[in-house]
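Chemist: After the structure tokens below, expect a handful of questions from me.
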Amino acid sequence: MNILIHKYAAGLRPGKARLDVSNGSSAKIIEKGGIEVDIVSLDQYLGDKYKINYIKMDIEGGELDAINGAEQLIKSNKTDMAVAIYHKNYDIWVLANKIKEFMPDCKLYLRQHHHWGLELTLYVTN
């Protein structure tokens, strides 16, 4: 198994973002302060250089942009995924529909994590 780690934020298109990482295991995009990170589209950054068979996203509300920026990668690799869908009220519907648009034959599963029930993950399999 090969795991790639890159110091970028995944998004719809290349750019810059500022992150507040002072809240322990959680981060959020802010206007000023924090640390600056480069945003990359996974389609443009990874292209067809790698066979990507699994994507995990828990990126504090940036999941839709990241998925849209990985459209070709997801379609061509039929990538299994684990996507956090609890950051925005509409994530459960919008993210599931977007993934089904890219991979109509995939199967979707929901799982609640942690004993408070605060984290809901969408699992995608082919």
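The values are calculated or read from the model by the stated rules, or taken from the named source; none is laboratory data. Values in this document were obtained by computation on a predicted structure and should not be read as measured data. Note that each Cβ is placed from the backbone with ideal geometry, even for glycine, and that neighbours are counted across all protein chains shown. Note: areas computed on protein heavy atoms with side chains; ligands, DNA, RNA excluded. Shrake-Rupley method; radii C 1.70, N 1.55, O 1.52, S 1.80 Å.
Chemist: Testing Leu4 on (1) part of a strand (DSSP E or B); (2) farther than 22 Å from Leu118 by Cα, one condition comes back false. Which one is that?
Modeler: Leu4 satisfies every listed condition except (1).
Chemist: Every residue in segment 110-125 that is more than 17 Å from Glu63 (Cα to Cα) and modelled with pLDDT of 95 or more, please.
Modeler: Thr125
Chemist: Contact list please: Cβ distance under 7 Å, first residue in segment 44-73 and within 19 Å of His87 (Cα to Cα) and among the charged types (D, E, K, R), second residue open to solvent by less than 50 Å² (accessible area, probe 1.4 Å) and in a helix (DSSP H, G or I), pairs at least six apart or on different chains.
Modeler: Listed pairs, sorted by first residue: Glu63/Asp91; Glu63/Leu95.
Chemist: Within segment 7-18, count every residue that is touching a residue at least 24 places away in the same chain (Cβ under 8 Å) and either among the basic types (Lys, Arg) or not in a loop (DSSP other than H, G, I, E, B) (or both).
Modeler: Within segment 7-18, the first condition is being touching a residue at least 24 places away in the same chain (Cβ under 8 Å), and the residues that meet it are 7-15.
Next, from what is left, pick out any that are either among the basic types (Lys, Arg) or not in a loop (DSSP other than H, G, I, E, B) (or both): 7, 9-10, 13, 15.
Qualifying residue count, segment 7-18: 5.
Chemist: Give, as residue ranges, the strands (runs of 3 or more DSSP E) completely inside segment 35-126 that count at least 3 residues that are of a type in the set (A, V, I, L, M, F, W, C). Step through it out loud before you land on a result.
Modeler: Numbers: elements: 35-40, 54-57, 80-84, 107-113, 119-125.
Where strands (runs of 3 or more DSSP E) fall fully within segment 35-126 and carry at least 3 residues being of a type in the set (A, V, I, L, M, F, W, C), they are 35-40, 80-84, 119-125.
Chemist: In segment 102-124, what residues are surrounded by 12 or more Cβ atoms within 10 Å (Cβ to Cβ) and either among the basic types (Lys, Arg) or closer than 21 Å to Ile52 by Cα (or both)?
Modeler: Phe102, Met103, Cys106, Leu108, Thr121, Leu122, Tyr123, Val124
Chemist: Still on this structure: Among the residues in segment 66-76, are any over 26 Å from Val37 (Cβ atoms) and among the aliphatic types (A, V, I, L, M)?
Modeler: Within segment 66-76, not a single residue is over 26 Å from Val37 (Cβ atoms) and among the aliphatic types (A, V, I, L, M).
Chemist: So is Asp91 open to solvent by 40 Å² or more (accessible area, probe 1.4 Å), under 15 Å from the mean Cα position of the chain (by Cα) and among the charged types (D, E, K, R) or not?
Modeler: Spelling it out, it is not the case that Asp91 is open to solvent by 40 Å² or more (accessible area, probe 1.4 Å), under 15 Å from the mean Cα position of the chain (by Cα) and among the charged types (D, E, K, R).
Conditions tested, residue by residue: (1) polar (S, T, N, Q); (2) closer than 23 Å to Asp91 by Cα; (3) open to solvent by less than 50 Å² (accessible area, probe 1.4 Å); (4) in contact with an Asp or Glu (Cβ under 7 Å, 6 or more places away or on another chain).
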| site | (1), (2), (3), (4) |
| --- | --- |
| Ile3 | no, no, no, no |
| Lys7 | no, no, no, no |
| Leu19 | no, yes, yes, no |
| Ser22 | yes, no, no, no |
| Gln44 | yes, no, no, no |
| Ile52 | no, no, yes, no |
| Met57 | no, yes, yes, yes |
| Ala66 | no, yes, yes, no |
| Lys78 | no, yes, no, no |
